[in-house]
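Following: one structure in structure tokens, then a few remarks.
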Amino acid sequence: MTGFQPLKLFFVFLGGLLLLFVIAPLAGMFLETSPAEFFDTAMEKEVAGSIWLTLWTSMLATLIFALAAIPFSWILARKKFPLKRVISAIIDIPVVIPHSAAGIAILGFVARDTAVGRLGDHLGLSFVGTPAGIILAMAFVSIPFLVNAARDGFLAVPEKLEKAALNLGASPARVFFTVSLPLAWRSILSGLIMMWARGMSEFGAVVIVAYHPMITPVLIYERFGSFGLSYARPVAVVFICVCLVFFVFLRMLSTKYENADG
Amino acid sequence: MLTVKDLSVKLGKFELNGVNFEVGPGEYFVLLGVSGAGKSVLLQIIGGLIPGASGVVMLNGKDISREKVQRRGVGLVFQDAALFPHMNVFKNIAYPLRSLKLNDREIDRRVRELADMTNITKLLKRNPANLSGGEKQRVALARALALKPQCLLLDEPISSLDVQLRRELRSLLRKINANGQTIVHVTHDYEEAALLASRIGVIENGSVVQTGKAPEVFSRPKSEFVANFVGIRNFFRGELRDGKDSMKKFLFDGGEVSVLTGEPEGAGYITVRGEDLIISEKRWESSAANSFPGRVIALEPARVGTEVLVDIGVTLSALVSKESVSNLQLEPGSKVWVSFKASAVKFIPG
């Protein structure tokens, strides 16, 4: 179709407004931060330490919970069992509840006077005000992203390929690691990136479980509360830049993998 | 060799009902049935890939019904080959050999041997996405043969290929069978069955309704599906009862016909060839014991003459000349009489 299309033009206009809504505040933040401010902030020990803490806790949360989430996603994709839909809905709960409420829930679960807290103390592991607590809070709010993406990835792998592998003498474990996992890998990697990114940007749940040591979102909030916008902004800009570098790198990595088409 | 006894399973609306058949060593057994008859499910049950079926599957005298998939000794080739898309042809064929924990040199030797037999040596480095349908099936065959299965199960391996590729693959399957490999092959294609099978089983409504050598199955069909294939359009299931004198009555859903047969009473099938049906405007006094009024439903051109479908309570198909169509002024809706002799009706017990 050719010629003037008012509807199409209107949709493009709406899309442009939407893009502006996302880009304008970010661009404003970047433009109002001078290069000197940017580098000074990046060199600050507290900021660098907080960014490093945010990166490794979010990565560790993703990796630790992936060990359970990926096999569980395969179960959700392949097996029929009672209450499967209820269980799938439970997995999505962290996405829909306020994250401060999630933080309260986790704190209530791992505080020192709870069974889990006492068990942790016994093992020399404390969750409140520690990186372990940060990892728990990050994982709680971000796990649905991995489980859902991995489940969709496994669903896209034709089941007959797994059956063929079994028939060819492979054990269920070998089938999982040589057929299911490689063929669902692109979706799983995408889920891992989303889980990691979501965990890294978490504020509400983490601030309740572990105000200290400060992850960067908490540091930005603290600087804003104590010193105002102009002190919080450079930290936010540095953090966004670091996140973007990792995000772009991992996205490029994920496009190398192709999902199975059977 | 392979014995399937009273195999039953219910999967949603689909059901297999007490499937029974036997396949001898080195035999090429083709299970013939329409799409949805349960052929693929049956193969997967034999392979242990669909659990929950009742009945017994014996292979070389050993009950493998509860055996693990990996230890059943049957190789399954899926309809669309089910090659692993992330592995090249070499890795696909080597996949089962890695389960045997062979060293790389031995794996290489075995893969090349299988590739040579299936004529795919040039394809070893190619990815499945770049293979034609026929090439994929050859790779799937080589891969399934790698574990030297006692019985090879083929799920419509030829059906989706074009004529030339079909010919080539049929020739390969004959070669594999000639090497002593027992094969169970399921298909909906009669031609495939007739050209490959040393014995045929016909599967209908979830059970095997007839087994035998191809000429026997096709000359005395016990299913409408096979009857239609061999050109018999008038096929009815019912019961033979005692009648007057030498003639017997065959009762079926929709009518009753006289049959001249020496077979004893009981359940079975009747067939009447379209060529043996006579169409007339009025009731025709003749030696034909069966004469029914009816209405023409449709006229369809046949290879020779015209096929006239007449509703007499059930639909009968008569083959008449174009001249007769013109002389009798036959058209949909015409009232006619259909007659045939009791001796034209073949009764097949079963």
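The values are calculated or read from the model by the stated rules, or taken from the named source; none is laboratory data. These figures come from a predicted structure and were not determined experimentally. Every residue, glycine among them, receives a Cβ derived from its backbone with ideal geometry; neighbour counts consider all protein chains shown. In case anyone asks, the SASA skips ligands and DNA or RNA and just uses the protein heavy atoms, side chains included. Shrake-Rupley method; radii C 1.70, N 1.55, O 1.52, S 1.80 Å.
The residue among A:A232, B:S54, A:S171 whose Cα reaches farthest toward the positive pole of the charge dipole of the protein assembly as shown, with charges on the beta-carbon of Lys, Arg, Asp and Glu, is A:S171. The distance separating the Cα centre of the stretch A:22-88 from that of the stretch B:95-174 comes to 46 Å. Counting only lysines at least 8 places from B:K213 when in the same chain, those with an alpha carbon closer than 22 Å to its own are B:K5, B:K39, B:K175, B:K222, B:K346.
For the stretch B:19-50 versus the stretch A:130-200, the spacing of their alpha-carbon centroids is 35 Å.
In debye, nearest 20: dipole of the protein assembly as shown around its Cα centre with unit charges on the Cβ of K, R (+) and D, E (-)? Write out the running numbers ahead of the final one.
Working: 66 positive and 54 negative charges, 257 e Å.
Dipole of the protein assembly as shown, to the nearest 20 debye: 1240 debye.
If I require 15 Å or longer along the helix axis, counting alpha carbons, and a Kyte-Doolittle average no lower than 0.0, what helices from chain A are left? Use full DSSP H segments. Correct list, ordered by number: A:6-31, A:45-78, A:84-96, A:99-110, A:131-156, A:181-200, A:216-227, A:229-255.
Remark: relative contact order (chain A) = 28 percent; criterion is Cα-Cα distance under 8 angstrom and separation of 6 or more residues. Enumerate the residues in the stretch A:171-213 having an amide nitrogen under 18 Å from the point lying 7 Å beyond the Cα of A:V245 toward its Cβ. Within reach of a label on A:V245: A:197, A:200-201.
For the segment A:168-180, counting C-beta atoms of other chains within 10 Å of every residue's C-beta and taking the mean gives 5. When the stretch B:2-229 is described by a simple charge dipole with +1 on each Lys and Arg Cβ and -1 on each Asp and Glu Cβ, the residue from B:N179, B:V202, B:T3 located farthest towards its positive end is B:N179. Note on chain B: GNM, Cα springs under 10 Å; of B:L76, B:L173, B:L260, the largest mean-square fluctuation is that of B:L260.
When a 1.4 Å probe is rolled over the protein heavy atoms, the share of accessible surface on the protein assembly as shown that falls to carbon and sulfur comes to 60 percent. Counting only protein heavy atoms and a 1.4 Å probe, the stretch B:2-229 has 43 square angstrom of accessible area per residue.
When accessible surface is computed with a 1.4 Å probe, chains B and A are found to bury approximately 1800 Å² between them, both chains counted. Annotation: aspartates and glutamates with alpha-carbon distance below 12 angstrom to B:K335 (same-chain offsets under eight excluded): B:E281, B:D311.
Given +1 on the Cβ of Lys and Arg, -1 on the Cβ of Asp and Glu, and no further charges, what dipole in debye does the stretch B:1-64 carry about its Cα centre, rounded to the nearest 20? If you can, show how the numbers build up before the last one.
Details: 5 positive and 5 negative charges, 40 e Å.
Dipole about the Cα centre, nearest 20: 200 debye.
Once the convex hull of all Cα atoms in the protein assembly as shown is built, its volume per residue stands at 271 Å³.
So if we plug the beta-carbon distance of B:K125 and B:D242 into 1/(1 + (r/R0)^6) with R0 = 41 Å, what FRET efficiency do we get, rounded to 0.05?
For B:K125 and B:D242, the calculated efficiency is 0.05.
Close amide-amide hydrogen proximity is noted between B:A302 and B:E307, each under 5 Å apart and 5 or more residues distant or on a separate chain (H modeled in the peptide plane; Pro and chain starts excluded). Candidates B:V163, B:V34, B:L83 compared by Cα position along the dipole of chain B: farthest toward the positive end lies B:L83, with charges placed on Cβ. Overall, the stretch A:29-149 carries a charge dipole of about 1060 debye about its Cα centre when +1 sits on the Cβ of Lys and Arg and -1 on the Cβ of Asp and Glu, all other atoms neutral.
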